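The structure appears below as structure tokens.
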Amino acid sequence: MKILIKPLAELSDSLVERSFEFPDGLSVGMVLRELGRHNQPFRQALFDEQDRVKGFINVLVNGKRLDMTQESDLPLHDGDELSLFSYVAGG
Amino acid sequence: MDRYRRQLDLWGVEGQEALRRACVVIAGCGGLGSVVATYLACAGVGFLRLVDFDRVDPSNLNRQFLHWPEDIGKQKCISFKEKIAALNQEIAVEAVSSVIQDDLAEEIIGDADLIVDALDNFSTRFILNNAAVKKNIPLIHGAVQGFSGQVATILPGRSACLRCMFPDTPLVKDFPIAGATCGVIGSIQATEAIKYITGQGECLVNRILLWRGEIGSFDVVPVRRNPSCAICSTLCGDAKESKP
């Protein structure tokens, strides 16, 4: 299946937006780990020391935010768009 | 009207009158608040309620340009009110020295037409978001850090709320902020407010704008309302049909 990966904000430093080919049936969490396996800076930017997606990283599938503490097993489908971005808090 | 002559071609007398009738709450009298309050006052928003519990500190002066060296130690909302009232004597300005907390948030926002989030932490933002959604008052979110920032406009009942968009409260630490970053993000927030009030253009609804000053790049990401959002799927009041 083909998934469009859109790393935005600081995450675009370690991975450029493009479509990736993955085996059918992979979940969001598996796809992110697969990307991180081949890209150490991206892995460090995305995952914490416990190998969980950092709390201030937004993961959106086709525009809908996922709660990665509960929904990392969500299967992706051909043509899905996976957006990733960190956000800031100051004012 | 002469002071508004250069903007009347954009939204006409009708739009200017909508600005004059509008009541906008600016939550946070800091870096973002300096920019938003200045541009909304100059544009002729008729009533500005400026909310902050804090006092001016020397470390604020790199970006919070409505506070001056002689204001150090003064309540931020009072310091803001003095400058904004002098900037445009045709508008009404109210200073509210208060922490935005659960039992006060709805009272603070009152019956405002619009709220601008110029806060500095997500814990308080989520309280403000809850109150805005419950009272069905649009909320313009903005945040900054370093050279980066983000903006989104929330129309309760019609768009993703802050809880739909953000999963967690980022760790609070003493991070750096470039003053000009507040200028970029605060200006976009003020633009959103003016567009909403005058009915011009298209607001950042169900979209979040991300700014990276280091490389001079904007991204706009579509976001969707979460049908099972703990806040906007249960608290939302009746959707407003018309703009002020």
Paramagnetic label zone (point 7 Å from Cα along Cα-to-C-beta, B:Phe175; backbone N under 13 Å) in region A:1-40: A:9-11
Between the Cα axis of helix A:28-37 and the main Cα principal axis of chain A, the angle (0 to 90°, nearest 10) is 80
Measuring from centroid to centroid over Cα atoms, what is the spacing of region B:92-153 and region B:28-81 in Å? 15
Calc'd 3J(HN,Hα), region A:15-23, phi into Karplus 6.51 cos²θ - 1.76 cosθ + 1.60 (θ = phi - 60°), Hz, glycine/Pro = x, comes to 8, 8, 4, 5, 7, 10, 9, 10, x
Sequence-distant or interchain residues sharing an amide H contact under 5 Å with B:Val116, placed H: which? B:Val25, B:Ile26, B:Ala27, B:Ile140
List the residue ranges in chain B for DSSP H helices whose C-alpha atoms run 18 angstrom or more along the long axis and whose Kyte-Doolittle average is 1.0 or above. B:31-43
Compute for chain A: radius of gyration divided by Kirkwood radius, i.e. Rg/Rh, restricted to C-alpha atoms, rounded to two decimals. 0.93
Mind listing the phi-derived Karplus ³J(HN,Hα) values for region A:39-55, rounded to whole Hz, using 6.51, -1.76 and 1.60 with θ = phi - 60°, and x for any glycine or proline? 8, 4, x, 5, 4, 5, 6, 9, 10, 8, 5, 8, 6, 9, 4, 4, x
Counting only GluC sites (Glu not before Pro) that sit in a DSSP loop (anything but H, G, I, E, B) with at most 16 other Cβ atoms within 10 Å, what is the longest stretch of chain A containing none of them? A:18-48
Sort the protein assembly as shown into rounded, prolate or oblate with this rule: let a ≥ b ≥ c be the square roots of the eigenvalues of the Cα gyration tensor; rounded if a/c is under 1.5, and if a/c is not under 1.5, prolate when a/b is larger than b/c, oblate otherwise. prolate
Mean shadow area (nm²) of the C-alpha convex hull around region B:2-235 is 12.3
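All of the numbers you see were taken from the coordinates with simple rules; none came from a lab. Given the structure is predicted, the values throughout are model-derived calculations rather than measurements. Virtual Cβ from ideal backbone geometry, glycine too; neighbours counted across all protein chains shown.
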